[in-house]
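Read-outs throughout are calculated quantities, based only on the coordinates presented, and are distinct from any laboratory measurement. This is a predicted model, so every value here is computed, not measured. With ideal geometry, Cβ positions are generated from the backbone for all residues, glycine too; neighbour counts draw on all protein chains shown.
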Amino acid sequence: MMLNRLEFPLFFAMLATSVVLAADPAPPATATVMPTPVAGTLEGKLLAAGDNRILILNADGSIAWEHRTSLTHDVWMLPNGNLLYADGASVTEITPEQKVVFQFKSAQQHGGGTFACQRLANGNTVVGENSTGKVLEVEPLGKVVFELQTKDFKPGDHQNQRMVRKLDNGHYLVCHSGKHFVREYQDDGSVVWEQATPNLAFAAIRKANGNTLVSTLASIIEYQPDGSIAWEFKNSDIPGLTITNMTGMHLLPNGNLVIGCYSAYQGGKGCGLLEIAPDKKAVWSFTSPTTAGTMMAVQKLTAAGAPLPGKLLR
């Protein structure tokens, strides 16, 4: 290509401009900020279970540890750091390295064999045997040393029981989920207290003042011994937070309540776990459908991932 004298300055000016433009750095890319699954301030870690696995969650909602199970209704971190859980198929204790050190399997599995468990101070394990409607105590070597047949059960029914707890007085607090009531049994099978609930009775906690907290999916109700309501939290009490199917509970020493939710998300909204204060305000909530759609069992831990000091009420 031939250029005349008048065209030379224009050509080099255009060339210089193109070089400068080519050398300009690209604008910085906008970083994608992923929303944290925890809203509010979660102090410590969480033990939670539901969708065929047990999780230990960090304070930011990330997963610190996990173990695959069947659909788990109940889980405890024991003082030695082991985990005790009931997943329908069995009651099992595992080490942090996931080694099985104790396991009890119900002979009757139809409808869900075992949904509740509790380790006692003497080393025995309480087993809520849903399929038979029984409460058992099992020695570390697997021998059944106590058996209580609860009332109004249907063999193999899925809703005979949910949570079962042995109380300090030696009685047994049993959630008869399908019948919509909680009963306190003496060891001879006699009923000394009974409370009807407005919906499925999942978990019950006997407080130091003698009242009983009961989770019934849409609400958590604190009943006095005479059946009157001392306190109630409804799933509509926190504006802007969708809460469904409240199940597992952990009553903290400060009076706060940590709650797990079954089938927690509807139409993309919901929360799997939350902590509320006695004034019904949310301390924090955990929202992550991809982590688990169901988190029925929950226990709050220290920042180091150990059980909180003091008596564990859940």
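Over the chain, with a Gaussian network built from C-alpha contacts below 10 Å, which listed residue (SER228, SER215, SER177) shows the highest mean-square fluctuation?
With Cα springs under 10 Å in the chain, the top fluctuation among SER228, SER215, SER177 is at SER228.
When ranked by the protection proxy of mean other Cβ atoms within 10 Å per residue, highest first, what sequence do the peptides 87-93, 186-192, 166-172 form? Kindly include the intermediate steps, with their values, before the conclusion.
On the way: 87-93: 22.0, 186-192: 11.1, 166-172: 13.4.
Going by the mean number of other Cβ atoms within 10 Å, highest first, we get 87-93, 166-172, 186-192.
Let me know the volume per residue of the alpha-carbon convex hull for the range 100-140, in Å³. If you can, show how the numbers build up before the last one.
Details: hull volume 2.8 nm³, N = 41.
With only Cα atoms used, the range 100-140 gives 68 Å³ per residue.
What is the Cα convex hull volume of the range 154-246 when expressed per residue in Å³? Intermediate values should be presented prior to the final figure.
Working: hull volume 9.2 nm³, N = 93.
Convex hull volume per residue, Cα atoms: 99 Å³.
As a footprinting exposure proxy, order LEU47, LEU273 by other Cβ within 10 Å, with the fewest listed first.
Values: LEU47 23, LEU273 28.
So the ranking, lowest neighbour count to highest, is LEU47, LEU273.
Mind sorting LYS234, LYS179 by how few other Cβ atoms lie within 10 Å of their own Cβ, fewest first?
Values: LYS234 13, LYS179 20.
With the sparsest Cβ surroundings first, the list reads LYS234, LYS179.
Give the Cα extents of the range 122-179 along the principal axes, in whole Å, largest first.
On the principal axes, the range 122-179 reaches 32, 23, 14 Å in Cα extent.
Under the Karplus relation 6.51 cos²θ - 1.76 cosθ + 1.60, θ = phi - 60°, what is the ordered set of whole-Hz ³J(HN,Hα) values for the range 125-132, x standing for Gly and Pro?
Working through the residues one at a time gives 10, 7, 10, x, 9, 4, 4, 10 Hz.
If Rh is defined by the Kirkwood formula over all Cα pairs and Rg also comes from Cα, what ratio Rg/Rh do you get for the range 93-224?
Using only Cα positions, Rg/Rh for the range 93-224 is 0.97.
In square nanometres and to one decimal, what's the mean projected area of the convex hull around the Cα atoms of the chain?
Values: hull surface 98.0 nm².
The directionally averaged projection comes out at 24.5 nm².
Picking from TRP193, ILE229, VAL145, whose Cα lies most toward the positive end of the charge dipole for the range 136-275 (charges on Cβ: Lys, Arg +1; Asp, Glu -1)?
Value computed over the given set: ILE229.
Find the relative contact order for the chain and round it to a whole percent, using C-alpha pairs within less than 8 Å whose residues are 6+ positions apart.
On the way: 791 pairs, mean separation 44.9, N = 314.
Worked out over the chain, it gives 14 percent.
Along the charge dipole of the chain, pointing to its positive end and built from +1/-1 on Cβ of Lys, Arg, Asp and Glu, which listed residue (LEU217, GLN159, VAL182) has its Cα farthest out?
Sorting the options by dipole projection puts first GLN159.
Who wins for biggest fluctuation among GLY267, GLY40, GLY112 in a Gaussian network model of the chain, springs between alpha carbons below 10 Å?
Evaluated over the chain, the most mobile residue of the options is GLY267.
Diagonalise the Cα gyration tensor of the range 232-314 and give the resulting equivalent ellipsoid semi-axes, square root of 5 times each eigenvalue, largest first, whole Å.
On the way: eigenvalues 91, 47, 21 Å².
Rounded to whole Å, the semi-axes are 21, 15, 10.
With a ≥ b ≥ c taken as the square roots of the eigenvalues of the C-alpha gyration tensor of the range 50-129, please select rounded if a/c is under 1.5 and otherwise prolate if a/b is larger than b/c or oblate if it is not?
Details: a/c = 2.09, a/b = 1.35, b/c = 1.55.
The shape class here is oblate.
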